[in-house]
Amino acid sequence: MIPRGEDKPPSRPMKRYWKVAVIANIKDDSKPRPEGVPPDAFADFDHIETVDAIRAAIETDGHQTVFLHADADLPYALREVKPDICFNIAEGLGGDAREAQVPALLELLRIPYTGSRVLTNGISLDKTLTKRIWRDRRLPVAPFQEFTIGDEALRPELKFPLFVKPAREGTGMGVDLKAIVKNEKEMRERVLYIINTYQQPALVETFLPGREFTVGILGRADAKLYSRHPEWYEKDGFHRFPILELDSSRSVTPNVYSQASKSKEVGEEGAPDYVCPANIDPELERKLKHFALRAHQLLYALDISRTDIRLDEEGNPRLLEINTLPGLTPDYSDLCLQAKAEGIRYEDLILEILYLGASRWGMVAPRELPSAHHAKK
Ligand SMILES: Nc1ncnc2c1ncn2[C@@H]1O[C@H](COP(=O)(O)OP(=O)(O)O)[C@@H](O)[C@H]1O
Ligand SMILES: [Mg+2]
């Protein structure tokens, strides 16, 4: 058995410049879709331009970078390249926790990497499990029920209209206007469609008719010690990005932030309006930021996450899901729009995720804080 403290990442020798491997799954629009996969399969994969942007950002601070595909050759590529640290944005390939595959491999090989670890990335991909954890700690979620076969009895607390989505996808996959179901017949049809098309359980929730927000969180209790921008962080070590409202009222799928609407360029016809900072009263802003931070902490998320929240009929926030590998495409991904809205440069956002990650593996010397003695003078 591995002794208890061994689950901590091992320390690495301190170097000023690193070889950083950016690990991702890449969209290849030129390749035909394999048979039997859903129409929007691979929607959450990245374009190579995003990898290039991350590499360029990391190189601005003097590091060397390489790109590695998150596929079955990755173990061999890692052995050859021997990176000091990996910048992980990989979605993974298949199985019940694909976003945990690369972190699990890196842990096995004892290679440092950025962001959340195996358990968190495995659970956060599963919206049902995530909501069970949040509900247990009294975070507000809409009533929900998971269907694995399709003919399970509908629980009485679930009142129509309901919303049906795959339990373990992202980027609006399996989500369009038909996700809203008004009666039992529509619900059963949609549940079976999700189970058969996506080969996974369907999550059925109360339909939340209100406004939609996403809340980004960066940091951790000791972030200031290792940050290149300690001024970003509040006393508790966390930075809350300005809240982004997704106003889908004029999008291709009115009031649903679907895969089709997400795939439009910002500002393009049919895209949602991205409003950041959202125009909301201070009380709602305080609540949304509080819930997002609790959501992050309850899943043991590390350094970066984005939590999606919608308002119910009465205007109360309800947590939809947490993204522990939030998209990082410049001027497009929600988190990048949030950072930009407060003047945080893309390069600095990427380097911050890298340095916070590296510091957990002993690769960054802590900044000297003024000691109590100095503070008295
Ligand atoms: N219960 C719900 N009520 C209303 N809309 C929902 C509900 N669940 C999801 N949606 C809509 O579907 C979108 C995608 O759902 P989400 O849970 O965020 O999954 P993902 O972004 O991983 O695809 C949301 O941004 C929201 O617009
Ligand atoms: Mg979402």
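Coordinate-derived values only; no laboratory data. Just so it is clear, the structure is predicted and the values come from calculations on it, not from any experiment. Ideal geometry is used to build each Cβ from the backbone, glycine not excepted, and the neighbour counts take in all protein chains shown.
Using the Cα centre of the chain as the reference point, and only Cβ charges (+1 on K/R, -1 on D/E), how large is the resulting charge dipole? Debye, rounded to the nearest 20.
Numbers: 52 positive and 59 negative charges, 302 e Å.
I would put it at about 1460 debye.
Output the relative contact order of segment 212-360, whole-number percent, from Cα pairs under 8 angstrom with separation of 6+ residues. Working shown, then result.
Details: 259 pairs, mean separation 39.6, N = 149.
Dividing the mean separation by the residue count of segment 212-360 yields 27 percent.
How many nm is it between the label spots at R286 and E234, if each spot is 7 Å from the Cα in line with the beta carbon?
Taking the simple label geometry, R286 and E234 are separated by 1.0 nm.
Give the distance, in whole Å, between the Cα centre of segment 339-357 and the Cα centre of segment 250-271.
Here the two parts' Cα centres lie 26 Å apart.
Choose one answer from I89, I54, I149: the residue with the largest mean-square fluctuation in a GNM of the chain with alpha-carbon springs under 10 Å.
Comparing I89, I54, I149 in a Gaussian network model of the chain, the most mobile one is I149.
Take the alpha carbon atoms of segment 16-85, find their center, do the same for segment 188-238, and report the distance between the two centers in whole angstrom.
That distance is 22 Å.
Rank-order 337-343, 68-74 by packing density, defined as the average count of other C-beta atoms within 10 Å over each peptide's residues, highest first. Present the calculation step by step, with values, prior to reporting the outcome.
Details: 337-343: 17.6, 68-74: 15.4.
Result, highest mean Cβ count within 10 Å first: 337-343, 68-74.
From the gyration tensor of the Cα coordinates in the chain, what semi-axes in whole Å does the equivalent ellipsoid have, largest first, with each one equal to sqrt(5λ)? Write down the numbers at each step before the final one.
Details: eigenvalues 234, 122, 82 Å².
For the chain, the semi-axes come out at 34, 25, 20 Å.
Any idea what Rg and Dmax come out to for segment 143-206 if you just take the C-alpha atoms, in Å?
10.3, 30
Can you list the lysines whose alpha carbon is less than 26 Å from that of K31, not counting same-chain residues fewer than 8 positions off?
K31 reaches K262, K264.
Can you sort Y257, Y346 so the residue with the fewest Cβ neighbours within 10 Å comes first? Please list the in-between numbers first.
Numbers: Y257 21, Y346 18.
If I rank by nearby Cβ atoms, fewest first, I get Y346, Y257.
Ranked by Cβ crowding within 10 angstrom, fewest neighbours first, how are D40, D281 ordered?
On the way: D40 22, D281 8.
Fewest-to-most Cβ neighbours within 10 Å comes out as D281, D40.
Counting alpha carbon pairs within less than 8 Å and at least 6 residues apart, what relative contact order, in whole percent, applies to the chain? Each step should come with its number before you reach the end.
Values: 723 pairs, mean separation 72.1, N = 377.
Result for the chain is 19 percent.
Given the DSSP H assignment, sum -39500 (n - 2.57) over each helix run of at least 4 residues in the chain and divide by its residue total; what's the result at 222 nm in deg cm²/dmol, nearest 500? List each step's numbers first, then the result.
Details: 12 runs with 115 residues, N = 377.
Calculated from helices alone, the mean residue ellipticity at 222 nm is -9000 deg cm²/dmol.
What nm value, rounded to one decimal, do you get for the distance between N183 and N196 when each label is placed 7 Å out toward the C-beta?
Using points 7 Å along Cα→Cβ, the separation is 2.1 nm.
Classify segment 4-114 from the C-alpha gyration tensor, please: rounded if a/c falls under 1.5, else prolate or oblate depending on whether a/b exceeds b/c. It would help to have the intermediate numbers written out before the result.
Values: a/c = 2.49, a/b = 1.43, b/c = 1.74.
Oblate shape, in that a/c is at least 1.5 and b/c is the bigger or equal ratio.
What lysines could a cross-link reach from K15, if we take a straight Cα to Cα line under 28 Å and drop same-chain neighbours fewer than 8 places away?
K82, K224
Quick one: divide the alpha-carbon radius of gyration of segment 68-143 by 2.2 N^0.38 Å and tell me what you get.
Working: Rg = 14.8 Å, N = 76, 2.2 N^0.38 = 11.4 Å.
Working it through for segment 68-143, the quotient is 1.30.
Between E59 and R16, what's the calculated FRET efficiency when r is the beta-carbon distance and R0 is 25 Å? Round to 0.05. Before the final figure, lay out each step's value.
On the way: r = 14 Å, r/R0 = 0.57.
In this case the efficiency is close to 0.95.
Using Cα-Cα distances under 8 Å and only pairs 6 or more residues apart, what relative contact order does segment 143-206 have, in percent? Write out the running numbers ahead of the final one.
On the way: 107 pairs, mean separation 32.8, N = 64.
51 percent.
Which residues in segment 14-56 place their backbone N less than 18 Å from a point set 7 Å from the Cα of E80 along the Cα-to-Cβ direction?
Only 19-26 pass the distance filter.
If you rank E189, E285 by fewest surrounding Cβ atoms within 10 Å, what's the result?
Details: E189 14, E285 17.
Final ranking by Cβ density, sparse to dense: E189, E285.
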